[in-house]
Amino acid sequence: MSQGTSDMKQPRDLLVDLFTRAVEAAQPERHVGAHLPDPPRGRTVVVGAGKAAAGMARAVERARGAGADLTGAVAVPHGTPCECAAIECIEAGHPVPDEGSLRAAKRLRTLVADLGADDQVIALFSGGGSALLCDPVPGLTLAAKQALSQQLLRSGASIHEINCVRQALSMIKGGRLAALAAPAPVHTLLISDVAGDDPAAIASGPTVSATCTATDAMEVLRRYELEVPAVLTRARAGPNSGLGSNSVQVICSPVQSLEAAAEAARGHGLEPLVLGDGLEGAATEMANVHAGIARSSARWGLPVEPPAVLLSGGEATVAMAEGGGRGGPNAEFALALAYALNGHKRVHAIACDTDGIDGSEHNAGAVIDPTTLARAREAGLYALDHLSRHDSFAFFDALGDLVVTGPTGTNVNDFRAILIG
């Protein structure tokens, strides 16, 4: 990442350090081993999907040790490094499912199909798992599922709403994978990327009883003026019983990453204020609220006295229009924040996705400082113009203010830190 002007180096380094601490706190190796069940008399089959699934699977192998009777497979985004010995990593599409997503779903279904009561399933799911596993209901093609996924992602719908539709149109989500594994017990370990840490929403809950019905899914599509597939009227609501003997544990959540960043902030002599771990909404609207809190703190010391840092997590959304620009919700949040602050001399900020990928671009997010708008104008860039076209990536790319980490191996959703110095 470019450091920009030399007098901004220290604040930027500090903000990047807070983001790094948040990501480190969510690494699977820190959490998986302590939550594993005892080995069974029979076989152990590991299944899973998500941006953290490869690390979670590796942690299972290391915890069980060499020679353990383990088999299994997890679905991971294309290009994800896999250091597993016995557990297969199947590369698949994200955020839109592809043929790999179909193969991964079929493989997981096959792995759990012939288990007995003496066997066990260890299910590992994290954010991104919904797209990585694709098993459409009869009558829905992969192409139709892809088109609907793209429309939902561009609509501005929340992750809960998107996953509601995914559950209703899937043969593997909404607890159906766990139902296939019966009578073998299923022990599910989750790394949460959703507000409220609802297990049914993480990767659309392949081993967790569905909480969303086909009627709910139809309401979501109508709310965003999207066509309702004919098969949705015949889709099952998902199993809501028969999974009671299975265990489900959220082993890592966004609040733990915010707490780690808060501890790091104190080490830098800052007073941290955590605004929440599940803030959701349009990126520009969230930025306006955060800007107001930052200005109040800088001027009045309310709700926190400077030097301080505001921390928040959750998920910002962007409703993309056809022909729009490039950029994810974190970069759009940063751009809208810069515009709202209008060069405030005491405020710097960072907004990044903890998985290292902001939307469909290669950056995790972006940083802003008091000179952002002035430097942009010198380069012929105007924040409002780029906001209107949802073109935040190009804006920050031209300034050298993108944060680029590559895939982090985990995902606890968005991370925002606003430094009031």
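The values are calculated or read from the model by the stated rules, or taken from the named source; none is laboratory data. Here the structure is a predicted model, which means the values were calculated and not measured. Counting neighbours? That spans all protein chains shown, and the Cβs are built from the backbone with ideal geometry, glycine included. Surface areas here come from the heavy atoms of the whole protein model, side chains and all, with no ligands, DNA or RNA. Shrake-Rupley method; radii C 1.70, N 1.55, O 1.52, S 1.80 Å.
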>> Going through GLY356, GLY421 one at a time, which residue ends up being small (Gly, Ala, Ser) and over 21 Å from the mean Cα position of the chain (by Cα)?
In response: GLY421
> Tell me, which residue of the stretch 172-199 that is in a loop (DSSP other than H, G, I, E, B) and among the acidic types (Asp, Glu) is farthest from ALA57 (Cα to Cα)?
Replying inline: ASP198
> Name the residues in the stretch 133-182 that are of a type in the set (Ser, Thr, Tyr) and either out of contact with any Ser or Thr (no Cβ under 7 Å at 6 or more places or on another chain) or at pLDDT 90 or above (or both), would you?
Replying inline: THR141, SER149, SER155, SER170
> Does ALA123 meet the test of being in contact with a strand residue (DSSP E or B) (Cβ under 9 Å, 6 or more places away or on another chain) and either among the β-branched types (Val, Ile, Thr) or open to solvent by 40 Å² or more (accessible area, probe 1.4 Å) (or both)?
Replying inline: no
> Could you count how many residues in the stretch 81-113 are acidic (Asp, Glu) and either open to solvent by less than 10 Å² (accessible area, probe 1.4 Å) or within 18 Å of ALA54 (Cα to Cα) (or both)?
Replying inline: 3
>> Checking the condition free of Cβ contacts under 8 Å to residues at least 60 places away in the same chain, of a type in the set (A, V, I, L, M, F, W, C) and under 23 Å from GLN10 (Cα atoms), which residue from ALA379, ALA374, ALA349, ALA331 passes?
In response: ALA374
> Right, LEU102: at pLDDT 95 or above, aliphatic (A, V, I, L, M) and over 22 Å from VAL208 (Cα atoms) or not?
Replying inline: no
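Please enumerate the residues belonging to the stretch 232-264 that are more than 30 Å from ARG30 (Cα to Cα) and either modelled with pLDDT of 65 or more or not hydrophobic (A, V, I, L, M, F, W, C) (or both).
Within the stretch 232-264, LEU232, THR233, ARG234, ARG236, GLY238, PRO239, ASN240, SER241, GLY242 meet the criteria.
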> Here are some conditions: (1) charged (D, E, K, R); (2) open to solvent by 20 Å² or more (accessible area, probe 1.4 Å); (3) modelled with pLDDT of 95 or more. ARG12 meets all but one. Which one does it not meet?
Replying inline: (2)
> What is the number of the single condition among (1) of a type outside the set (Ser, Thr, Tyr); (2) open to solvent by 50 Å² or more (accessible area, probe 1.4 Å); (3) at positive phi that PRO138 does not meet?
Replying inline: (3)
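Among the strands (runs of 3 or more DSSP E) lying completely within the stretch 295-403, list those that include at least 2 residues that are open to solvent by less than 10 Å² (accessible area, probe 1.4 Å) and more than 16 Å from THR284 (Cβ to Cβ).
Working: elements: 308-317, 347-353, 365-368.
Qualifying strands (runs of 3 or more DSSP E): 308-317, 347-353.
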> Which members of the stretch 67-92 meet the condition of being closer than 16 Å to GLY409 by Cα, at pLDDT below 95 and of a type in the set (Gly, Ala, Ser)?
Replying inline: GLY79
>> For the stretch 203-226: of the residues being out of contact with any helix residue (DSSP H, G or I) (no Cβ under 7 Å at 6 or more places or on another chain) and within 17 Å of MET320 (Cα to Cα), which is surrounded by the fewest Cβ atoms within 10 Å (Cβ to Cβ)?
In response: GLU225
